[in-house]
Amino acid sequence: MSPVIQTHSLTKVYGTNGQAVHALRGIDISVEPGEFVALIGPSGSGKSTLMAILGCLDSPSDGRYVLDGHEVQGLSGSELARIRNEKIGFVFQSYNLLPKASIVRNVELPMLYAGVGRKERRERAMELLVKVGLEDKALKLPATLSGGQKQRVAVARALANRPTLLLADEPTGALDSKTGAEVLDLFRELNAQGNTLVLVTHDPSIAAQAQRRIEIRDGEAYAGGTLEAPKASKIPGTREAEHHVELGRPLLAGGV
Ligand code: ADP
């Protein structure tokens, strides 16, 4: 099975010449199917930039990104939108629910864009609401829910098109610690069911709950406290071999 995420020397430069900001300086990571990875790093380290590229919301300045075996670079805007809708489920800190649509309608929305028929949309949305424990709220409006419940709806919506990858950007950032812990439990449960998760956070205690951490520092990726054996494919005599993976060393070629 191919990795869900594989990047090769991804760079991102904002601005030009004297004003250029090197947000990513050659990121080589990979994420295998079924992994739960936390991208961690301080503010300004490049996490959002990397997340936007991994989510096919932005393109790198240079380098390659292969998503579930598909080369992403060179795709047009509409092709990017299609691959995004098909393969990626997003969860954001701010939930991003449509305030005037019912909960079940919010969950149905990505399926509408994907052309799923009305009956199947409703059935699948209700199944997902059962999964996140909110089936009794299906016909309510988002404003009637607590923050934790809204984030559960956002998770159900993210799962609507059975994505290959769930990308969560500071998903507990707006929640109190108890509710945040419940949302994290939900992510862990989804991961146990086989979903591949990448979660962006600046909070080490949240990152500690992932299976594996990748730390972003000044636009470079480092293995941050792995719990499992390194997976990097190392080719003798290459730069990758010199930088073979250790904690706190740059991550090159194929991730951890
Ligand atoms: P993080 O998500 O870790 O806080 P970002 O990816 O937002 O980091 O930012 C990485 C660097 O790129 C920062 O120096 C930031 O100021 C810069 N940056 C991010 N977005 C832009 C942009 N649209 N234009 C110019 N610079 C940007």
Give me the pairs: first residue in the range 150-168 and on the phi > 0 side of the Ramachandran plot, second residue surrounded by fewer than 24 Cβ atoms within 10 Å (Cβ to Cβ), beta-carbon distance under 9 Å, and six or more apart or on different chains, which are they? ARG162/ARG124
The range 119-141 - residue that is more than 23 Å from the chain's Cα centre (by Cα) and under 23 Å from ARG84 (Cβ atoms) and, of those, surrounded by the most Cβ atoms within 10 Å (Cβ to Cβ): ARG121
Could you list, in sequence order, all residues of the range 24-61 that are more than 7 Å from the ligand (Cβ to nearest atom) and free of Cβ contacts under 8 Å to residues at least 24 places away in the same chain? ALA52, SER59
Looking at ILE206 and the list (1) more than 16 Å from the ligand (Cβ to nearest atom); (2) assigned to a helix (DSSP H, G or I); (3) crowded, with 18+ Cβ neighbours inside 10 Å, which single condition is not satisfied? (1)
Out of the range 33-61, which residues are surrounded by fewer than 17 Cβ atoms within 10 Å (Cβ to Cβ) and not small (Gly, Ala, Ser)? PRO33, PRO42, LEU57, ASP58
Note on the range 62-102: residues within 16 Å of the ligand (Cβ to nearest atom), surrounded by 15 or more Cβ atoms within 10 Å (Cβ to Cβ) and within 23 Å of VAL13 (Cβ to Cβ) are GLY63, TYR65
Unique match (being in contact with a strand residue (DSSP E or B) (Cβ under 6 Å, 6 or more places away or on another chain) and in a helix (DSSP H, G or I)) among ALA143, ALA154: ALA154
Regarding ALA229, is this residue at pLDDT below 95 and either within 14 Å of the ligand (Cβ to nearest atom) or assigned to a loop (DSSP other than H, G, I, E, B) (or both)? yes
I'm checking my understanding of the structure. Among residues of the range 4-23 that are within 14 Å of the ligand (Cβ to nearest atom) and under 27 Å from THR172 (Cβ atoms), which one is surrounded by the fewest Cβ atoms within 10 Å (Cβ to Cβ)? LYS12
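The values are calculated or read from the model by the stated rules, or taken from the named source; none is laboratory data. Since the model is a prediction, treat every value here as computed from it, not as a measurement. Every residue, glycine among them, receives a Cβ derived from its backbone with ideal geometry; neighbour counts consider all protein chains shown.
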